[in-house]
Amino acid sequence: TDRRLAEDSEREQRELAETIAAASQALTQELDLGAVLETTLEYLERLVPYDSASVMLLDEKGWLAVRAARGYGSSMDEAAMKRLAFDVSMSPYLRPLVQERRSVLVGDTTRAKGWVLLPGIEHVRSWIGVPLIAGGETLGAYSIDKVEAGFFTAEHVARAEMLAAHGAFAIENARLREELLRRAAELEARVVDGTQKAVAARADAERANRAK
């Protein structure tokens, strides 16, 4: 029996390592931020059997805004989820994610002091919040839900944290790419505008010469 337990544990650890390696490779290949977020939710489900989950990123106000979500179904559609943003300073469960950069596990939301049951996500009974940290800065967090109270364990938290390390790196790279593309587009627009103004000025000068 002991040998069988040891073999099962070894197999689980090997499967975990393989999943994390596959996730890392998949995330490295993605350059689009939306694709990165969807990929991280896909691999998160393989590691932590959630009922619903979302990726929240810090916005310009310092709030956690939902940028990608899965599993909410009829309770709240994806478009409605992406309109949600949470004031970190008002939540005792979100503050540790951003300010202390540590994960939070809630075994039963109905008994958790200060837990707010928002419309559309009343089904959440077990919850995990995991910060996404890159370069020493908090980018956002995973929000992981289960309808069964007491379902999540410390092992689930550890698995989500392993994926978060790779997910945060991919998110940061995708956001840097978005910023570079935005700046390139602005520069191109300025060049085009400058060229058009130069052409117009030359045409005006030619007309003035002809008039003389």
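Bear in mind that the values in this text are calculations on the coordinates, not laboratory data. For clarity, every value in this text was computed on a predicted model and none was experimentally measured. In this analysis, Cβ positions are derived from the backbone assuming ideal geometry, glycine residues included, and neighbour counts consider all displayed protein chains.
In degrees from 0 to 90, rounded to the nearest 10, what is the angle of the helix 2-29 Cα long axis to the longest principal axis of the chain? Result, in degrees: 10. Cα axis of helix 33-47 to longest principal axis of the chain: angle in degrees, 0 to 90, nearest 10? Computed tilt is about 10 degrees. Inter-part distance, the stretch 18-63 to the stretch 164-183, computed on C-alpha centroids, equals 12 Å. Starting from 0.36 nm per residue, how many nanometres of slack lie between residue 99 and residue 1 once their C-alpha separation is accounted for? That pair, residue 99 and residue 1, stretches by 30.8 nm at full extension. Rounded to the nearest 500, the helix-only mean residue ellipticity at 222 nm of the chain stands at -17500 deg cm²/dmol, with each DSSP H run of n ≥ 4 adding -39,500 (n - 2.57). Cross-link partners for residue 113 among the aspartates and glutamates, with Cα-Cα distance under 16 Å and sequence neighbours closer than 8 places in the same chain left out: 122. Computed about the Cα centre, the dipole magnitude for the stretch 9-100 is approximately 220 debye when only Lys and Arg (+1) and Asp and Glu (-1) carry charge, each at its Cβ.
Amide H contacts under 5 Å for residue 65: 57, 58, 59, 86, restricted to partners 5 or more places along the chain or on a different chain, H placed in the peptide plane at 1.01 Å from N. Derived scalar couplings between HN and Hα for the stretch 111-117 equal 10, 8, 5, x, 6, 9, 8 Hz in order, rounded to whole Hz, by the Karplus curve 6.51 cos²θ - 1.76 cosθ + 1.60 (θ = phi - 60°), x for Gly and Pro. In terms of its alpha-carbon gyration tensor, the stretch 62-135 comes out oblate; a/c meets the 1.5 threshold, while b/c is at least as large as a/b. Helix 154-211 and the long axis of the chain differ in direction by around 10°, with both axes built from C-alpha atoms. A Cβ-based charge dipole, computed about the Cα centre of the chain with Lys and Arg at +1 and Asp and Glu at -1, lands at about 1000 debye.
Rounded to the nearest 20 debye, the dipole magnitude of the stretch 12-56 is 120 debye, with +1 charges on Lys and Arg beta carbons, -1 on Asp and Glu beta carbons, and the Cα centre as origin. Among 211, 27, 114, flag the residue with its Cα farthest along the positive direction of the charge dipole of the chain, charges on Cβ as +1 for Lys/Arg and -1 for Asp/Glu. The one lying farthest along the dipole's positive direction is 211.
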